[in-house]
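Read-outs: derived from the displayed coordinates by stated rules, not from any lab. Not measured: the values here are computed from a predicted model. Note that we place each Cβ from the backbone using ideal geometry, even for glycine, and neighbour counts take in every protein chain shown.
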Amino acid sequence: LLQDQEACAAEFERTFIAIKPDGVQRGLISEIVARFERKGFKLVAIKVVIPSKDFAQKHYHDLSERPFFNGLCDFLSSGPVVAMVWEGEGVIKYGRKLIGATDPQKSEPGTIRGDLAVVVGRNIIHGSDGPETAKDEIKLWFKPEELVNYTHNAEKWIYGDN
Ligand code: UDP
Ligand code: MG
């Protein structure tokens, strides 16, 4: 069983996705989860948390020199966030595609930010921007035992079985 779990975990990549306080307060949790789920990605962890400001600063440490850093960290810690880990082939890069450009004014229609947000400071969702940040962010937000290894019923229909 352990071998199966390791094989499963090694096969597909994982990314960290968070619905920010604006997305939660606007009632967009199910809308956002649905877009990842319908695509064929697999939810392997989810929880609702109010991050401390210190935690928000850790999450956004790469941006600590930017003028919007303080406001951004205040905002992320201002209310509940839905923290998730999604798994699937190409999920890091394609997750960013589903999310759309950082500035919703530049996000394409059909993307989450393009369809559901208007300004950069309230762009409702976070997604890891590469394999290294995905690994670091999953580790920051989740304990290993909070990540669930399982075979989804639809996997063979999403990926094929030969
Ligand atoms: N942000 C902002 N003003 C800016 C650029 C970014 O408020 O001029 C915020 C925005 O919420 C963004 C977050 O900072 O989602 C992180 O910025 P990043 O460049 O990492 O964008 P993302 O990876 O979220 O698309
Ligand atoms: Mg980023």
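Percent of Cα-Cα pairs more than 18 Å apart in segment 92-162, please. Distances greater than 18 Å cover 57 percent of the Cα pairs. Starting from segment 43-96, pick out the chymotrypsin sites (Phe, Trp or Tyr not before Pro) whose DSSP state is loop and whose Cβ has at most 13 other Cβ atoms within 10 Å. Passing both the DSSP loop test and the Cβ count: Phe68.
Stokes-Einstein, applied to the Kirkwood radius of the chain over Cα pairs at a viscosity of 0.692 mPa s and 37 °C, places its translational diffusion at 201 µm² s⁻¹. Volume per residue of the convex hull around the Cα atoms, evaluated for segment 108-147, comes out as 106 Å³. Counted residue by residue at 0.36 nm each, then reduced by the alpha carbon distance between them, the extension gain from Ala154 to Lys106 reaches 13.9 nm.
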